[in-house]
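The values are calculated or read from the model by the stated rules, or taken from the named source; none is laboratory data. Small disclaimer: the values here were computed from a predicted structure and weren't measured. Cβ: placed from backbone, ideal geometry, glycine included. Neighbour counts: every protein chain shown.
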Amino acid sequence: MPAIAVADALRASGATPTFVGTRDRAEAELVPEAGYEIDFLALEGLNRRNPLKATRAVFRAARGLGAAKRILRERGADVAMGAGGYVAGPVGLAASRLGLPLVLTEADSHLGLANRRLASRARRVCLAFPIEGREGDPYLVTGRPVPGAVLDADRWAARRRFGIPRGDQVITVFGGSLGARTVNEAAFEAFGGGKEALADDPVGRPWILHVAGRRDYPALEERWALAGRPERYLLLEYEPSLGDVLAASDLVIARAGGSVMEIAAAGRPAILVPYPHATADHQTTNARWMTSARAAVTIPDSELEPGRLRAEADAILGNEVRLGEMTANSKRLAVPDAAERIAAEVLAAVGT
């Protein structure tokens, strides 16, 4: 999604962006839906726990280098932009060997493997967050691009879509396209079907917009039905854009991946539960970015339980002054023109 946002900015400037990806990941669906052409490489991620799979991934990456060169030649590329992930490695290296300028983007608070290997070859490395030891050329903090749907979403139109009255409070819960099991479980127990959720009058409860994710939705939907489809609890499987669910909300409960930038772009306070197995524990660092600005509260995954989650949410929503301050702090973190900043660096690289 950040890459598509940059592509939109590039297209608005008169450029013609195309994509390179793999057939088994989200870009195979999202990129054509956004109106862009995409070429595919037969690659897979590096599995550090399985030597056989890791060897196969390295072999495919080496073979993908030649295919990436062919794609860049056939497309008549003037510049390549790496958006992170394992596709960026062969394509970035191919661009460098063909003498094309290379711009890299990093969505998290640490450099991924491909970006670490390619940084010395890049004209510019655009960072979502400041990273210690990555200051000065070629590094530049631009923020992380967010989809226009998040920036343009209308709060009251979003609430009408979900049937939520203007004056009621709303908590949005999400954890990625597949879901986040511990977050889903704790949120449902706290607000949907557990003792904490059923202990009070439903009229006084906040609405819950719970995007469970495609993997976790079936089991959660069954439990939701067994609980009598609780009032004010809207369970969704998947939302292609977080624009409406963020616009409708007063408080967000989520993991702390790149979506923290979307939360900030929407100007929403958050309770963040970093994924404990994220590479280099970058989700904890992402969460610290929001908590240090007093825009969020962090609960470690190992300490997440329904009672605490409910108490933290009640403490924020029940204090108008605190809620207003956290909302204002979140808005101050937003970088709404990040896509345009990165697009400008890409276009500038063509002329260097």
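Looking across Ala158, Ala149, Ala180, Ala190, one residue alone is under 24 Å from the mean Cα position of the chain (by Cα), small (Gly, Ala, Ser) and modelled with pLDDT of 90 or more. It is Ala158.
Residue-by-condition table, conditions (1) among the small types (Gly, Ala, Ser); (2) touching a Pro at 6+ places or on another chain (Cβ under 8 Å); (3) in contact (Cβ under 8 Å) with a residue 60 or more places away in the chain:
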residue	(1), (2), (3)
Leu93	no, no, no
Ser96	yes, no, no
Ala107	yes, yes, yes
Leu111	no, no, no
Ala114	yes, no, no
Leu118	no, no, no
Ala122	yes, yes, no
Val125	no, yes, no
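Counting residues in segment 40-60 that are among the hydroxyl-bearing types (Ser, Thr, Tyr), modelled with pLDDT under 95 and either within 30 Å of Arg11 (Cα to Cα) or not in a strand (DSSP E or B) (or both) gives one or more. Within segment 267-290, the residues that satisfy the criterion of being surrounded by fewer than 17 Cβ atoms within 10 Å (Cβ to Cβ) and farther than 16 Å from Gly175 by Cβ are Thr279, Ala280, Asp281.
When each of Glu325, Glu345 is tested for being more than 23 Å from Gly192 (Cβ to Cβ), in the same structural domain as Ala7 (by TED's automatic domain parsing) and modelled with pLDDT of 95 or more, the lone residue that passes is Glu345. Here the condition is being among the aliphatic types (A, V, I, L, M) and closer than 19 Å to Gly143 by Cα; of Leu242, Leu234, Leu304, Leu317, it holds for Leu242 alone.
Out of all the residues in segment 249-264, is one or more among the polar types (S, T, N, Q), over 23 Å from Leu30 (Cα atoms) and not assigned by TED's automatic domain parsing to the domain that holds Thr142? Yes; the residues of segment 249-264 include at least one that is among the polar types (S, T, N, Q), over 23 Å from Leu30 (Cα atoms) and not assigned by TED's automatic domain parsing to the domain that holds Thr142. Of all residues in segment 333-352, those that are closer than 19 Å to Pro147 by Cβ have Cβ atoms under 8 Å from Cβ atoms of residues that are hydroxyl-bearing (Ser, Thr, Tyr) and buried (at least 17 other Cβ atoms within 10 Å of the Cβ), 6 or more apart or on another chain, in Val335/Thr142; Ala338/Thr142; Arg341/Thr142; Ile342/Thr105; Ile342/Thr142. I want to confirm something. Restricting to segment 91-103 and keeping residues that are under 23 Å from the mean Cα position of the chain (by Cα) and in a helix (DSSP H, G or I), which single residue is surrounded by the most Cβ atoms within 10 Å (Cβ to Cβ)? Among those residues, the one meeting the criterion is Val91. When Glu196, Glu231 are screened for being modelled with pLDDT under 90 and within 13 Å of Ala313 (Cβ to Cβ), only Glu196 passes.
Look at segment 300-322: where a residue is touching a residue at least 60 places away in the same chain (Cβ under 8 Å) and a partner is of a type in the set (Val, Ile, Thr) and in a helix (DSSP H, G or I), sitting 6+ places away or on another chain with Cβ atoms under 9 Å, you get Asp301/Thr182; Asp301/Val183; Leu304/Thr182; Leu304/Val183; Leu309/Val183. Within segment 325-333, one or more residues are crowded, with 22+ Cβ neighbours inside 10 Å, touching a helix residue (DSSP H, G or I) at 6+ places or on another chain (Cβ under 9 Å) and not in a loop (DSSP other than H, G, I, E, B). On the stretch given as segment 136-160, residues that are surrounded by fewer than 19 Cβ atoms within 10 Å (Cβ to Cβ) and within 20 Å of Leu102 (Cβ to Cβ) total 5. Taken over segment 247-265, residues that are closer than 13 Å to Ala149 by Cα and either within 13 Å of the chain's Cα centre (by Cα) or hydroxyl-bearing (Ser, Thr, Tyr) (or both) amount to 3.
The residues on offer are Ala248, Ala295, Ala264, and the sole one that is touching a Lys or Arg at 6+ places or on another chain (Cβ under 6 Å), crowded, with 24+ Cβ neighbours inside 10 Å and of a type in the set (A, V, I, L, M, F, W, C) is Ala248. Give the residues of segment 249-271 that are part of a loop (DSSP other than H, G, I, E, B), of a type outside the set (A, V, I, L, M) and more than 24 Å from Glu320 (Cβ to Cβ), sorted by residue number. Residues satisfying the conditions are Arg255, Gly257, Gly258.
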